[in-house]
Each structure stands twice: as structure tokens, then as C-alpha cells.
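The values are calculated or read from the model by the stated rules, or taken from the named source; none is laboratory data. Values in this document were obtained by computation on a predicted structure and should not be read as measured data. Every residue, glycine among them, receives a Cβ derived from its backbone with ideal geometry; neighbour counts consider all protein chains shown.
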Amino acid sequence: MAINSSGESFNKVNFATPRSFATTFRSHAKETLFPDDPFKEFKNEKPLKKALQYFVPIFEWLPKYNLSLFRYDFLAGITITSLAIPQGISYAKLANVPPIIGLYSSFVPPLIYAIFGSSKHIAIGTVAAASLLIAAMIEEKVSYDDNPSLYVHLVFTATLFTGIFQSLLGIFR
């Protein structure tokens, strides 16, 4: 123990009542799962509404959405669509699946992201690397030319499990 010039110790022992295990665990779990308090903007709201807005952000911004914002979003949607349609078809060809699947993969993910995502400045859609990886992975098991329905079924299965895994990562952050 160190003592200063006036004879007082400046390394005092903490005699506060220790917290219970449950309180300590809850505090550590909250800091681990939600660092920097992501709920600070929801302080005066009900817990259910707070959690719903945190995990499904559309409930936060949709009530504030208006027609002037829609005009700009519509223009952005047309611009992104002009890129996403040929890109989806091309990436479907890279993955050796029918082009209509590429169109679906360009159309559905942005709709899902609008509900569950929170970034205003992002374009969601197909990716060349993922298309090539899925084609290489599935081609090891079955060729599209030999059994197209099984090939597409395996692509859907791999895509489903990838989506489930990404959803779990998003939920548990």
C-alpha cells in the first residue's frame, strides 16, 4: 500500500458489497452481445418495440417515410435495376443455373434487405465470386448437363444453408 506525504494511503481497498453472479453475468453478457449500447436511441420505448426495431429496422424508418423520399428511391431503384438485370443473368450463367434464377437472385435479396437491413447506401445482389464458388462446389458432385434438376436442387440447398448461416450471424451479431 502506497502512502502520500500527508500519511494517507492512496491505494484504497474496495469495500463495496459484491454484486451477485446473476447481476455480473447479465452485465458482462450485455456488454459482450451489445457493445456501446446499440439501444441508446430507443431509451424511452417499450422493450418489445425496441427489440423489434433493432432486429427489423423497417419498423423504425417506415413510419417516417414520405413521398419525397420515395421519388429518390424510385430513381435509385431504376438505376440499380438497369445494372442488376444483366448482372443477374450473367452470374446465373457463371453458376451454371438457368437465367431466371439469376433474375430472382437480383430481385429478392434487395426486398429482404429493405426489411432487415439498415444501411441507406448499399446495393444488394449477386456476386461473381459466390457464383463461381457455388458452381465449382456443385460441379464436384453432379454436372448440370447430366442431371439439371439435381444440380439446381443442390444449388438451392447450398444457398438456403448459406442464408440460414448469415441470418444467424446477423441475429447474434
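Yes or no: PHE116 under 28 Å from ARG173 (Cα atoms), of a type in the set (Phe, Trp, Tyr) and either loosely packed, with under 15 Cβ neighbours inside 10 Å or touching a residue at least 24 places away in the same chain (Cβ under 8 Å) (or both)?
On the way: under 28 Å from ARG173 (Cα atoms): yes; of a type in the set (Phe, Trp, Tyr): yes; either loosely packed, with under 15 Cβ neighbours inside 10 Å or touching a residue at least 24 places away in the same chain (Cβ under 8 Å) (or both): yes.
Judged against the criteria, PHE116 is a match.
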### Query
How about the stretch 154-167: which of its residues are closer than 15 Å to TYR104 by Cβ, more than 18 Å from the chain's Cα centre (by Cα) and free of Cβ contacts under 8 Å to residues at least 40 places away in the same chain?
PHE156
### Message
Let me spell it out: the conditions are (1) surrounded by 11 or more Cβ atoms within 10 Å (Cβ to Cβ); (2) at pLDDT below 90, and ILE171 meets all of them except one. Which number is the exception?
### Response
(1)
### Residue in the stretch 119-132 that is modelled with the highest pLDDT, counting only those that are buried (at least 17 other Cβ atoms within 10 Å of the Cβ) and either farther than 23 Å from ILE171 by Cα or among the polar types (S, T, N, Q) (or both)
SER131
### Query
Quick check: anything in the stretch 63-81 of a type outside the set (Gly, Ala, Ser), closer than 28 Å to GLY170 by Cβ, touching a residue at least 60 places away in the same chain (Cβ under 8 Å) and surrounded by 12 or more Cβ atoms within 10 Å (Cβ to Cβ)?
no
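Would you point out which residue out of THR17, THR23 is at pLDDT 75 or above, β-branched (Val, Ile, Thr), over 27 Å from GLY117 (Cα atoms) and outside any helix (DSSP H, G or I)? Explain how you work it out, then say what you get.
Details: THR23 fails: outside any helix (DSSP H, G or I).
Criteria check complete, one pass: THR17.
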### Task
Could you please tell me which pairs satisfy a Cβ distance under 6 Å, a separation of 6+ or placement on different chains, a first residue in the stretch 90-113 that is on the phi < 0 side of the Ramachandran plot, and a second residue that is among the polar types (S, T, N, Q) and not in a helix (DSSP H, G or I)?
TYR91/THR126; SER105/THR126; SER106/THR126
### Task
Would you check which residues across the stretch 133-168 are of a type outside the set (Ser, Thr, Tyr), in a loop (DSSP other than H, G, I, E, B) and surrounded by 14 or more Cβ atoms within 10 Å (Cβ to Cβ) and list them?
VAL142
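Would it be correct to say that ALA92 is aliphatic (A, V, I, L, M) and within 22 Å of the chain's Cα centre (by Cα)? Step through it out loud before you land on a result.
Details: aliphatic (A, V, I, L, M): yes; within 22 Å of the chain's Cα centre (by Cα): no.
No.
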